[in-house]
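Heads up, the thing below is written out as structure tokens.
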Amino acid sequence: MKNKTTVKDDSGSSKAPAKEILLTGDRPTGQLHLGHYAGTLKKRVELQDDVRYKQFVFISDIQALTDNARDPDKIRQNLIEVALDYLSVGLDPKKTVLFVQSQIPELAELTMYYMNLVTLGRLQRNPTVKSEMKDKGFGSNVPAGFLSYPVSQAADITAFKAKYVPGGEDQEPIIEQTREIVRAFNAIYGDILVEPYLILPGNDVCNRLPGTDGKGKMSKSLGNAIYLADPANVVKEKIMNMYTDPNHLKVGDPGAVEGNIPFIYLRAFAKPEHLNKYLPEYKSLDEIEAHYRRGGLGDMKVKRLLNEIIQEELAPIRERRKYYENNIGLVLQILQDGCKEARAIASDTLQQVRQAIGIEYFQDETLKKMYIEKYK
Ligand code: TRP
């Protein structure tokens, strides 16, 4: 059935070309922060308005359970946080399908079939998983589910035939592993699945936004994050305490902008309109940096500028969050509707997969005839 002839040329057909599928998700292990925002959330909000794509964004609670099996309450608490973060950054349920991974049992079944196409050695070599295992300090007690979460992620992506996955660079090894699974599957069972590609944020700084302490990437576990849900005074305090150049003691001293967190954030968030509005005496970020380098520009002035910009960016996000916090029933309804839409698609793919593998025994007339023939 999979070899049925298809129409090869659809140029000149009056139908609009099918939209390409974008899909991405986040583990509900904490609130989302500015690193998520710069790295992927902002991009998703842009992409949902691009008519070439249809976007799916989901809360990957099954993946979160792979290292939190003993603390399901953490996942339950953060489900609503991530949902509120999504809606407050401007993901619009009319444009983006928002759903929850665990409500799509088809994903688990797909995972089982893909599991056979991946070796243990290959799982152990995935650099993202390797470094996470180290950070989490599993030692020799790695949950099997954790080691194999890239297989489950391959199910998430392929169930929707997603071609693009917006995410940070840490997702690349997982997407690569997904492509390998897709190639193996298609080679063995027929061309059913689509190979996905990662879409990185356009800007390198956004790709790896450092934490406020300058010690590493922004993350909940390092305690160096600015959360989208932080109130204005908390954000301001975090900005005012940011790590700068420790040798820039007096305003008049020359300073370094490399590794200087407020400058890195300005590169990620400042637009020309911001400078016009808040520091019109400078024509560009380059000029501000040059002034800091030669001395005469104080950290406080830079931090105040950054604070204005970040508060301006967060203001509409806070306002939408307030609205949805006051309408939790609506938030849950949005997720539930999204799950219904997502499930129909995943179920369709699963059906194709089962058929391709040849395990749809009771719908297969050819198989029935063959069995009968065999014992004639
Ligand atoms: N791995 C992602 C994270 O660490 C979450 C995730 C699960 C995901 N499934 C996905 C991302 C599919 C993109 C596509 O947050």
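The values are calculated or read from the model by the stated rules, or taken from the named source; none is laboratory data. Note that the coordinates shown come from a computational prediction; the quantities given were computed from them, not determined experimentally. Counting neighbours? That spans all protein chains shown, and the Cβs are built from the backbone with ideal geometry, glycine included. The protein model used for the area step is the full one, side chains on, heavy atoms only, and it has no ligands, DNA or RNA in it. Shrake-Rupley method; radii C 1.70, N 1.55, O 1.52, S 1.80 Å.
Side notes on the structure shown:
- 0 to 90° range, to nearest 10: angle between helix 72-89 axis and the chain longest Cα axis: 70 degrees
- Across the chain, the longest piece that holds none of the GluC sites (Glu not before Pro) lying in DSSP loops with up to 11 other C-beta atoms within 10 Å covers 1-257.
- Given +1 at the Cβ of Lys and Arg, -1 at the Cβ of Asp and Glu and no other charges, the dipole of the chain around its Cα centre is 440 debye to the nearest 20.
- Across all directions, the average projected area of the convex hull around the alpha carbons of the chain is 24.4 nm².
- Among the chymotrypsin sites (Phe, Trp or Tyr not before Pro) in region 60-152, those placed in a DSSP loop whose Cβ has at most 14 other Cβ atoms within 10 Å are Phe138.
- Residue-span extension gain [Asn241 to Glu360] - 0.36 nm each, minus C-alpha spacing: 36.7 nm
- Applying 0.36 nm per residue to the separation of Arg293 and Glu373 and subtracting their alpha-carbon distance, the gain on full extension is 20.3 nm.
- Most mobile of Thr212, Thr366, Thr40 in a GNM of the chain (Cα contacts under 10 Å): Thr366
- Distance (nanometres) between label positions extended 7 Å along Cα→Cβ at Asn186 and Lys74: 3.8 nm
- Compared with the dominant principal axis of the Cα atoms in the chain, helix 106-115 is inclined by about 80°.
- Summing charges over neighbours of Pro254, with a neighbour being any other residue whose Cβ is under 14 Å away from its Cβ, gives -2 when K and R count +1 and D and E count -1.
- Rounded to 10°, Cα long-axis angle of helix 328-357 versus longest principal axis of the chain: 40 degrees
- Virtual paramagnetic centre 7 Å along Cα→Cβ of Asp50, amide N under 19 Å, in region 84-107: 90-98
- Choice from Val165, Val89, Val118 showing the highest fluctuation, given a GNM over the chain with Cα pairs closer than 10 Å: Val118
- For region 309-376, applying the loop criterion from DSSP together with a ceiling of 16 other beta carbons within 10 Å to the chymotrypsin sites (Phe, Trp or Tyr not before Pro) yields Tyr375.
- Computed extension length for Asp286-Glu258: 8.8 nm, one decimal, from 0.36 nm per residue of separation with the Cα-Cα distance subtracted.
- Residue with peak Gaussian network fluctuation, the chain [Cα springs, cutoff 10 Å], from Lys161, Lys130, Lys220: Lys130
- Separation of region 165-219 from region 50-123 is 15 Å, based on Cα centroids.
- The residues of the chain have, on average, 52 Å² of accessible surface per residue, using a 1.4 Å probe with all protein chains present.
- Residues Ala108 and Asn141, FRET efficiency given R0 of 22 Å [Cβ-Cβ distance, rounded to 0.05]: 0.45
- Whether region 63-107 is rounded, prolate or oblate, judged on the alpha carbon gyration tensor where a/c under 1.5 counts as rounded: oblate
- Computed on region 232-325, with alpha-carbon pairs under 8 angstrom and 6+ residues apart, the relative contact order is 34 percent.
- Label separation (Asn233 vs Met300): 2.0 nm, computed from points 7 Å beyond Cα along the C-beta direction.
- Once C-alpha pairs closer than 8 Å and six or more residues apart are averaged by separation and normalised to the residue number of the chain, the relative contact order reads 21 percent.
- Karplus-derived 3J(HN,Hα), 6.51/-1.76/1.60, for each residue of region 125-132, Hz, glycine and proline x: 8, 4, x, 5, 5, 4, 6, 5
- Packing-based ranking, highest mean first, of 243-253, 189-199 given that Cβ atoms within 10 Å are counted: 189-199, 243-253
- Stokes-Einstein diffusion coefficient of region 232-325, Kirkwood radius over Cα pairs, 4 °C, 1.567 mPa s, in µm²/s: 93 µm²/s
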